[in-house]
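Worksheet for the structure shown next.
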Amino acid sequence: MNATDIPSPVMATLRKGACLPAHPLVLNSDRQLDRVRQRAVTRYYMDAGAGGIAVGVHTTQFAIRNVGLYAPVLELAAETTKNWGGEDRVLVAGVTGKTAQALQETRTARSLGYHAVLLNLAFLKGVSEDDILEHCRTIASEMPVIGFALLPEVGGFHLSYDFWLAFAQIENIIAIKMAPFDRYRTLEIVRAVEDAGAGDRVTLYTGNDDHIVLDLLQPFVVRNADGSREKRVRIRGGLLGHWSVWVKPAVEMLERIHALPDGADIPEDLLALDSMVTDCNLAIYDALNELKGCIPGCLEVLRRQGLVEGTWCLDSNEIMSPGQAEQIDRVIRHYPEMNDNAFVAANLERWLS
């Protein structure tokens, strides 16, 4: 499957820049897949205006692979998206592991109608960059790939400018999710994509949950080798665990950002959203505890809205940190405009049907 095989409405969504929630795994109290509520969350994303979803990623819990849930969860999400969303919604499947496993997952995703894979390289830590690039080329020979720069705190590792320069030149790379949680590393990736001459083919997405709004608002200045030419580059959308919750306001914010003409003055209230969204992420992602409670934190927000029944994870030790619930209480109280509780309440019964 090549990038040219992606339906044009889907590619248009990806290129414009979309809100792509990282889809959580919804379990019941026995830690079994709750199909009704898993489907309800997908329906919520579609009705909230998300441009698609990413499934089988960190927020979905990597352990789904160990309990036989990878294919079933991907299949349920794809079916629900096609039945509930429009023909322009992007389906992204997370793939991980060494080459044999990543190939198997890629072929599973392709068979289920996914448009691209988000390639997690965490299991290749310690492998040479040349060998990692060969791994990427192998996966890209099977299906369009979204690259993934993942911060070390959740299992990733940093890769060099030279890696991203070579990566961006792989023909079937269609986007990169940048989540190093590091300004310097983010700039390196932006520059590498442009220096590779791939800026029109590789769409940039933020995964920096600590810097969402400014990533989307700011132009990145990239100049050629002698500084004689300049291009201003934009991050177009977000593929974010933070956007697994309170999706409707996130979609509205992204639409407002997209509506700003290049070079326009940025309204102060839009700039101020950066600190508000980041503070909300501090609570939901358990940022002060090294992100240990990030997945249960997302589930807790969905639980309070009635979309899920609990914060159960496959690993019984993966729970919210002490004080995290109080932090979530605080940001809900301080920033009521950040949530979409009324929207969820008005539609919940329909999504659960």
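Numbers at a glance
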item	result
Of all residues making up the stretch 185-213, the number that are in contact with a Lys or Arg (Cβ under 8 Å, 6 or more places away or on another chain) and outside any strand (DSSP E or B)	4
Number of the condition not met by residue 116 [criteria: (1) in contact with a strand residue (DSSP E or B) (Cβ under 6 Å, 6 or more places away or on another chain); (2) farther than 19 Å from residue 236 by Cβ]	(2)
Among (1) in contact (Cβ under 8 Å) with a residue 24 or more places away in the chain; (2) under 20 Å from the mean Cα position of the chain (by Cα) - the single one residue 152 does not satisfy	(1)
The lone exception for residue 69 - which of (1) closer than 28 Å to residue 306 by Cβ; (2) open to solvent by less than 10 Å² (accessible area, probe 1.4 Å); (3) among the hydrophobic types (A, V, I, L, M, F, W, C); (4) touching a strand residue (DSSP E or B) at 6+ places or on another chain (Cβ under 7 Å) it fails	(2)
The stretch 91-148, subset in contact (Cβ under 8 Å) with a residue 12 or more places away in the chain and among the charged types (D, E, K, R), residue surrounded by the most Cβ atoms within 10 Å (Cβ to Cβ)	105
Residue 129 being at negative phi, among the charged types (D, E, K, R) and modelled with pLDDT under 95	no
Qualifying positions in the stretch 3-26 - part of a loop (DSSP other than H, G, I, E, B) and in contact with a Pro (Cβ under 7 Å, 6 or more places away or on another chain)	6
Residue within the stretch 180-189 that is surrounded by fewer than 16 Cβ atoms within 10 Å (Cβ to Cβ), more than 21 Å from the chain's Cα centre (by Cα) and among the hydroxyl-bearing types (Ser, Thr, Tyr) present	no
Tabulated pairs, the stretch 61-73, first more than 16 Å from residue 117 (Cα to Cα) and touching a residue at least 40 places away in the same chain (Cβ under 8 Å), second open to solvent by less than 40 Å² (accessible area, probe 1.4 Å) and among the hydroxyl-bearing types (Ser, Thr, Tyr), C-beta under 8 angstrom, 6+ apart or interchain	64/70
Top-ranked residue of the stretch 201-242 - restricted to ones that are charged (D, E, K, R) and modelled with pLDDT of 95 or more, ranked as least open to solvent (accessible area, probe 1.4 Å)	215
Of the criteria (1) in contact with a strand residue (DSSP E or B) (Cβ under 6 Å, 6 or more places away or on another chain); (2) open to solvent by 40 Å² or more (accessible area, probe 1.4 Å); (3) under 22 Å from residue 353 (Cα atoms), which one residue 53 fails	(2)
Residues that are touching a helix residue (DSSP H, G or I) at 6+ places or on another chain (Cβ under 9 Å) and farther than 21 Å from residue 241 by Cβ, drawn from the stretch 84-101	84, 86, 87, 88, 98, 99, 101
Test for residue 31: is it surrounded by fewer than 24 Cβ atoms within 10 Å (Cβ to Cβ), in a helix (DSSP H, G or I) and either over 14 Å from the mean Cα position of the chain (by Cα) or in contact (Cβ under 8 Å) with a residue 24 or more places away in the chain (or both)	no
Search result, residues across the stretch 283-308 that are buried (at least 17 other Cβ atoms within 10 Å of the Cβ) and aliphatic (A, V, I, L, M)	283, 284, 287, 291, 295, 299, 301, 302, 307, 308
Among the residues listed as 175, 192, the single one being at pLDDT 95 or above, buried (at least 24 other Cβ atoms within 10 Å of the Cβ) and out of contact with any strand residue (DSSP E or B) (no Cβ under 6 Å at 6 or more places or on another chain)	192
Matching entry among 250, 225, 196, 168 (being in contact (Cβ under 8 Å) with a residue 60 or more places away in the chain and hydrophobic (A, V, I, L, M, F, W, C))	250
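This table checks each residue for (1) in contact (Cβ under 8 Å) with a residue 40 or more places away in the chain; (2) under 20 Å from residue 148 (Cα atoms); (3) basic (Lys, Arg); (4) crowded, with 24+ Cβ neighbours inside 10 Å.
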| position | (1), (2), (3), (4) |
| --- | --- |
| 14 | yes, yes, no, yes |
| 17 | yes, yes, no, no |
| 22 | yes, yes, no, yes |
| 26 | yes, no, no, yes |
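The values are calculated or read from the model by the stated rules, or taken from the named source; none is laboratory data. Everything numeric in this text was worked out from a predicted model, so none of it was measured. With ideal geometry, Cβ positions are generated from the backbone for all residues, glycine too; neighbour counts draw on all protein chains shown. SASA here: full protein model, heavy atoms, side chains in, ligands and nucleic acids out. Shrake-Rupley method; radii C 1.70, N 1.55, O 1.52, S 1.80 Å.
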